[in-house]
Structure formats: structure tokens, C-alpha cells
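Peer 1: Got a structure here, written out as C-alpha cells. Questions coming.
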Amino acid sequence: MPPKEKPQPERPEVHQMPEDHDEPQRAVGFEGSTALAPVAAENVGALSAIARDEGELKAGVVMAKKFPRNELLSYNKLLKSCERPAMAERATYCFPRGGQDIEGPSVDLAREAARLWGNIRYGLRIVSETEDAIHIQGAAFDLETNNLVTAEDKFKKLVFRKTQGWIKPDERDLRELVNRRGAILVRNCLLQVLPPDAIEDAVLKAKETLKKAASGELKQDRQKTIRSLVAAFETVGVTAEMLQAKLGHDLQIINEDEIATLRGIFKSLVDKNSRREEHFDIPKPKGAETGAIDPSQLGPKAEGAKQEKPNEKK
């Protein structure tokens, strides 16, 4: 009798996937994989940007060590820069707090100081962004001392409009919002990297320059100086009467110190670091407190009706 064949173990059925020439097969890794090519390209782009930034940073450190700054020369250049009236006007900001005006170095002064001090890298980047909020980071890095300072801010994508309240910004408004809040981060980082005594001396020099410029303008043409000041403040919704209430006297007897202070306030309003309501008393419209209505604002019919009432009583 022929020997009985041993039963073979059942093998699991292998189902072959139908060939699809439209979709290439996925492969592990980058080599020979076409489906992962977009992802690979994106990763390569990010890695390339990181490598480029790292290379630039290393090169900056090497150059900073090879060509260190001359601190005395940089300090004198900074003070010289603050002797220019245009720079002096942009050197400080001002906003009210607790019943008094708070002044400090502006982002323009911080950037000018970083430029003249040398061997400093600074900038702003977006950390993350969602539909409703955005997260940004400012940084300043002293290449000579290896001192890195960062600051972060997270805020909602909203801008305020007087007639609409808080609304979603368009592309331009969002860019301005990011740049404005980012400038504050960059300024704070730079001020922690730069020597504080040099910044303080620069602020004092800028104030001295403004006083000298205002004194010279007043001596040369007082009326033109006052008109220019009033015209500038009218662009931000501040009238001559509001300026006089702020000073406590007529504009005709304004002095150079007061002009310098008002120009600092104007710079703060233009940069939107403060609001006019924080600096000036906004006059209320007539009849706002008592609810009374001025007949002159109602037209000739209303005035005639008001005049006829005494005759009716008679």
C-alpha cells in the first residue's frame, strides 16, 4: 500500500491588492518614495532654514569675536544721534499712569542703540497661529557676551473700532497688530541686552535736544510753532481747547519744556501706545449731563414752537 501522505498545515490565504497605477506605492523612508515626496520636501525646507539660521548665527559670533565693539565710540555715536531733532522726537514714549505721565525709551531708540552698539541680532517671529489667536516671540542676542533675551505675547485676532467695537481684522490690520505688539517685545528684549546707563543718557540727551529745538522755534516764529503743534494734534482728535486744558494756561505762553512734553504725548498717540482719553479731558456734548436739548440744534420750527409757549399761557 502506498504510504499515506501527511496532512499539510493550512496556509493563510494571501489576498493580493489590485494594482493601481494611479497611486504609487508608499515606501519607508525618503529613498524611492514618491508618495512621501511633498512631506519630505517640506521637512527638507524646514531643516534647510534651521541650518541656514544656525550657520548665520555661528558666523555672526565668529565675526563679533574678531571685530569686537568699541563701547566708548558706540556710546558717543548714540548720544550724537540723539542730538538730531527728528530722532529726539522718536526717542521716548509717554502714557499716563496713576495720575502722572510715565516716560521711557521707545522702540526706535532701542533699535538705534542696537545698530550703533553693534554685534547684536534681534527680531520677531510667529510661534503659532490659530483661527482666533496668535502667539509671537521677540528676541535679542548679544553675539559678544552670548546673552540671549526672549519675550513672548499671545493675543486674540481682534481690533477695536469706535462704531463696530471689537471685530476680526483684515490682512493689513492683522499685520499692523502683530508689528505693533511685536515692537514692544523687541524693545523690551533690546533694553535688557543694552547697558541701561547708556540708554538713560540717550533719553536725557533727546529731551535736551527737544527743549533746544523748541526754544529755537519759539524764538524764531512762536505763532508758526504753535500752529504746527495744534495742527499735528488735530490729526489725532485733540483740539486746541483740550491742549490748553492740559497745560492749564493759554497756548500763547507755552514754553519749550511743555512743547517737548506734548510732542512726546503726540508720539505715543501716533504709535497707539496710549489713547487721547488718558492724556486729555474730553469735553462732553451740550446737554449730555442734564439731558437738556439746545433749541438751536432742532431747527427753526422747534425754536418757533418754544417761543410760542409763553403766548399760549397768556
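Peer 1: Under the rule a/c < 1.5 gives rounded, and otherwise a/b versus b/c splits prolate from oblate, where does region 118-258 land using the Cα gyration tensor?
Peer 2: Numbers: a/c = 3.60, a/b = 1.38, b/c = 2.60.
Verdict is oblate for region 118-258.
Peer 1: Sticking with this one: Got a sec to turn the phi values of region 168-184 into Karplus ³J(HN,Hα) couplings, 6.51 cos²θ - 1.76 cosθ + 1.60 with θ = phi - 60°, whole Hz, x for Gly and Pro?
Peer 2: Going residue by residue, I get 6, x, 7, 4, 5, 5, 5, 5, 5, 5, 5, 5, 5, 6, x, 4, 5 Hz, with x marking Gly and Pro.
Peer 1: Next up: I need the shape label for region 200-279. Rule: rounded when a/c is under 1.5, else prolate if a/b > b/c, else oblate, with a, b, c from the alpha carbon gyration tensor.
Peer 2: Details: a/c = 1.82, a/b = 1.07, b/c = 1.70.
Verdict is oblate for region 200-279.
Peer 1: Show me, for region 249-254, the HN-Hα J-couplings you get by feeding each phi into the Karplus relation (A = 6.51, B = -1.76, C = 1.60, θ = phi - 60°), rounded to Hz, glycine and proline as x.
Peer 2: Taking θ as phi minus 60°, the curve returns 7, 5, 5, 5, 10, 5 Hz for region 249-254.
Peer 1: What list of ³J(HN,Hα) couplings, whole Hz, do you get for region 76-93 from phi and the Karplus terms 6.51, -1.76, 1.60, once you set θ to phi - 60° and write x for glycine and proline?
Peer 2: For region 76-93, the Karplus curve yields 5, 5, 5, 5, 5, 5, 6, 7, 7, x, 5, 6, 4, 5, 9, 7, 10, 10 Hz.
Peer 1: Please rank ILE226, ILE120, ILE184, fewest neighbouring Cβ atoms within 10 Å first, as an exposure proxy. Can you show the working numbers first?
Peer 2: Details: ILE226 19, ILE120 23, ILE184 16.
Least crowded to most crowded, the residues run ILE184, ILE226, ILE120.
Peer 1: What ranking, highest mean first, results for peptides 91-97, 137-143 when packing means the other Cβ atoms within 10 Å averaged over each residue?
Peer 2: Per-residue mean Cβ counts within 10 Å order the peptides as 137-143, 91-97.
Peer 1: Based on the mean of other beta carbon atoms within 10 Å per residue, what is the order of 102-111, 241-250, most packed first? It would help to have the intermediate numbers written out before the result.
Peer 2: On the way: 102-111: 19.5, 241-250: 13.9.
Taking the mean over residues of other Cβ atoms within 10 Å, the ranking is 102-111, 241-250.
Peer 1: Further question: Can you classify region 160-214 as rounded, prolate or oblate using the Cα gyration tensor, where a ≥ b ≥ c are the square roots of its eigenvalues, rounded means a/c under 1.5, and otherwise it's prolate if a/b beats b/c and oblate if not?
Peer 2: Details: a/c = 4.20, a/b = 1.88, b/c = 2.24.
It is oblate, given that a/c is not under 1.5 and a/b is not larger than b/c.
Peer 1: List the extent of the Cα atoms of region 70-194 along each of their three principal axes, largest first, rounded to whole Å.
Peer 2: The Cα atoms of region 70-194 stretch 51, 35, 28 Å along their principal axes.
FYI, it's all coordinate maths here, none of it is from the lab. Just so it is clear, the structure is predicted and the values come from calculations on it, not from any experiment. Ideal geometry is used to build each Cβ from the backbone, glycine not excepted, and the neighbour counts take in all protein chains shown.
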